[in-house]
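The values are calculated or read from the model by the stated rules, or taken from the named source; none is laboratory data. The structure presented is a predicted model; accordingly, all values stated were derived computationally and were not measured. Methodologically, a virtual Cβ is constructed for each residue, glycine included, from the backbone with ideal geometry; neighbour enumeration extends over all protein chains shown. Surface areas here come from the heavy atoms of the whole protein model, side chains and all, with no ligands, DNA or RNA. Shrake-Rupley method; radii C 1.70, N 1.55, O 1.52, S 1.80 Å.
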Amino acid sequence: MESAASSPELTNAAGRRRDAAAWVLFVLSSAGYLAIFLSRLEDFPIYFFCDEAIQTVAFQELRERDWRGQDEPHELLPAYFRNNLKSNLSLSVYLQGVVSLWLGQRIEVVRGVSVLAGFSGVVALALLLRRARLREWWLAVPVLACAPGWFLHSRTGFECGLMAACYAWFLFFYHRYRTGDLKSIFGAMLFGAGAFYAYANGQGLMLVSGLALLVLDWRWHRQHLRWAGLGLAFALLLFAPYVRFRLQHPTMMQQHLADLSTYLTNPALGPAEKLLTFLREYLSGFNPRFWFGPVAEPYLRHQPLDLGHFTWLLLPFALLGLGFAWKHRGDPAARLLAVAAAAAPFTAALAEFGITRGLAMIWPLAALVVAGWELLARQLRERRLAGALRWGGGSLLLLWALTLRTECLARGPEWSRTYGLFGMQWGAQAVFRDCLPGLATRFPTARIMVSHTWANFPEAFVPFFGWRRGRSTPAQRGIELNALEQMVGPQQAAPDPGDIVVFPAAEMPAVLAHEYVEAFTPLQRIRAPDGSVGFYVGHLRFQPDWRKHAAEKLRRLAEPVESRIEIGGEPATVRLSGLEKGDARTLLAGSAGDFVRLQAGLPLKLVVHLPRERRLRIVEVRHADWGRSELLARTLRGRVVVDAWVERTDVFRGDPKIRRREMLEEPIDTIEIEIKEPGLLPIELRGISLVFVDENAP
């Protein structure tokens, strides 16, 4: 196939004029794109998320450790960094960190880097379409400028935008290689590695893309074996840091999957159920309703208001583009974009499909819109009409993008008023940057405690906004992240009456009603974007003898309580300890809607003595609230362990998460279940079900 540079259309005067006009439109569109996307970066989206803050924080900590990793064996220049529990940050840490050394650690800098990285991907797609001989290749810029999902996610510091940009450049350089510029295989491998390391979902994206292109272009690779071999060797060299990390941290993948609560680790699902779940999630990545209709993302903060990720008026052009692509299905660019579309949802389907995990799909969708526009433009024989479509259409799309920006800035603060943990997680800059420095100066000796129940990983905000323990400046001293349950928990990190505490509004009723709290004296109310109170800042005073009562309560709840209840149709003796709310009957035989609450700092211990030996088939634990726990269950025959397992579970708000284990069907007379100490925050259970083998069944 001929490249764009040698296309006959560009060797005649008319073709050169069209291409020159396209370059002018590309430059003008790019200027408009950057003006729209780089303005008022902090105002939309309204939140500043922990995943945005952690990039430069991880880099600064790397510098403080003399460029060595956080975990054993503390390797030099690690391939991955921790984001809370997952080791899934890589290229974005180095990119954001280096820029922060130059421009500082600020929200506008983090998001500005993301915008420019994303824009580079837009440029790569436009140049790829030009090489595919589309006259309207420049249109990729305004099309993506008015895509709400891209507008939202390219303006955040999430690493998914960097992954998508690197993938676009991989497609561009691979197309150059595939159309005769053989040295471009090195650029393809370099940016393919960038996509691989930029975001965890880029690993599956590149795996599927690489295998598909190896098979589809096998003849081309054989014809140019020397360059293909050199490219493969370069790819293996770039892959070495990942291999080193996997060898030095062999449990990384399991920890990542467990933290995602993916269906792949659910013991209740068989292989067939897991395969069907994968197919359902994978196919959802091709659903036009997801991309062009009103979005229903799993998390509100990933929804661009109540809009689709693509503007729905562009759907007809995308459908026309499908016909255009089918007509030119033998073209390397068409095959390449088809591979991109097939690979984009792969890794996302291993959990729950969403825009961040499937963001690479933005490129083939935008290419379809441009191809559909091209098909329509080629029907216009009149030069003036064609020129009007070119200039007028591009102008309308940029005006559309400007309208989108205006709408997001105007409606963004209040379109969703769920500002807490399960919504927008708004408040980082309002608390750590705008409020606390002034109060820290006003109360120079006070400890500062901020509740963490409103955000996923607020530990990243503390160093991002300059708070570090040991600083001599009062406004920059350490901040403790403690919810009320931790203040009165086993560690007893309670503030003194003169210390500063910050609670989100949702937690405040529980604070005022707590049995150990005597009074809360407000110093400041931080207003949420809709004008309601988002946070309360003040002094907290406890009852004089609360520590004595707390110690007595723990001692009392640690003592097992024995009861007789019916289990599996027969009376059984139950010994239970570690519950703050509820009892054995509620835990084991409660009705729907009942729940028990575990006491923070104590393990739940349950021992069931059966009147005779029976065969236990299933143990099912139904979680009801946010928390992490380890479940250790044993079924005993006499005192011999028949089966045991340890399982870490992540529990999320909404429908109860069920963890089910099918046991060995050997007769037992005793069942022991322990949910290890739930940490500093209590968790809730909807119940534990014990299912026995029906001995009367045929």
task: Estimate the FRET efficiency between R222 and L116 by the formula 1/(1 + (r/R0)^6), using the beta-carbon distance for r and 35 Å for R0, to the nearest 0.05.
output: 0.35
Calculated [θ] (222 nm, deg cm²/dmol) that DSSP helices of n ≥ 4 give over the chain, each run adding -39,500 (n - 2.57): -14000 deg cm²/dmol
field: Extension gain (nm, one decimal) between R106 and R525, 0.36 nm per residue minus Cα-Cα
entry: 148.4 nm
message: Loop by DSSP (not H, G, I, E, B), at most 10 other beta-carbon atoms within 10 Å: where is the longest site-free stretch of the chain for trypsin sites (Lys or Arg not before Pro)?
response: 1-328
Percent carbon-and-sulfur accessible area, the range 488-585, ignoring ligands, DNA and RNA, probe 1.4 Å: 49 percent
- line: Relative contact order in percent for the range 264-328 (Cα pairs under 8 Å, 6+ apart) equals 21 percent
statement: Expressed as a percent, the accessible surface of the range 295-350 that is carbon or sulfur, using a 1.4 Å probe and the full set of protein chains, is 73 percent
field: Solvent-accessible area, 1.4 Å probe, carbon plus sulfur percent, for the range 133-254
entry: 70 percent
- prompt: Of the chymotrypsin sites (Phe, Trp or Tyr not before Pro) in the range 31-91, which ones lie in a loop per DSSP and count no more than 13 other C-beta atoms within 10 Å?
  reply: W67
statement: When every protein chain stays in place and a 1.4 Å probe is rolled, H309, H549, H249 sorted by accessible area with the largest first are H549, H249, H309
field: Under 5 Å, built H, 5+ apart or other chain: amide partners of V561
entry: L576, S577
- request: Give, rounded to the nearest 20 debye, the magnitude of the charge dipole that the chain has about its Cα centre when Lys and Arg contribute +1 at Cβ and Asp and Glu contribute -1 at Cβ.
  value: 2420 debye
statement: Result: in the chain the number of Lys pairs with C-alpha under 25 Å apart, spaced 8 or more or on different chains, is 16
Simple spin-label estimate for L276 and R442 in nanometres, 7 Å along Cα-Cβ: 6.0 nm
- line: quick note, the chain, DSSP beta bridge pairs, % antiparallel (nearest 5) is 95 percent
message: Using protein chains only and a probe of 1.4 angstrom, how many square angstrom of C408 are accessible, to the nearest 10?
response: 0 Å²
message: As I understand it, the value is the acute angle between the Cα axis of helix 315-327 and the longest principal axis of the Cα atoms of the chain; what does it come to in degrees, rounded to 10?
response: 60 degrees
- line: Helix 50-64 sits off the longest principal axis of the Cα atoms of the chain, rounded to the nearest 10 on a 0 to 90 degree scale, by 90 degrees
task: Please get the size of the charge dipole for the range 138-269, origin at its Cα centre, with Cβ charges of +1 on Lys and Arg and -1 on Asp and Glu, quoted in debye to the nearest 20.
output: 420 debye
field: Listed residue (I688, V99, L554) projecting farthest to the positive dipole end of the chain, Cβ model
entry: V99
query: Considering only protein heavy atoms, what per residue accessible area in square angstrom results for the chain with a 1.4 angstrom probe?
result: 44 Å²
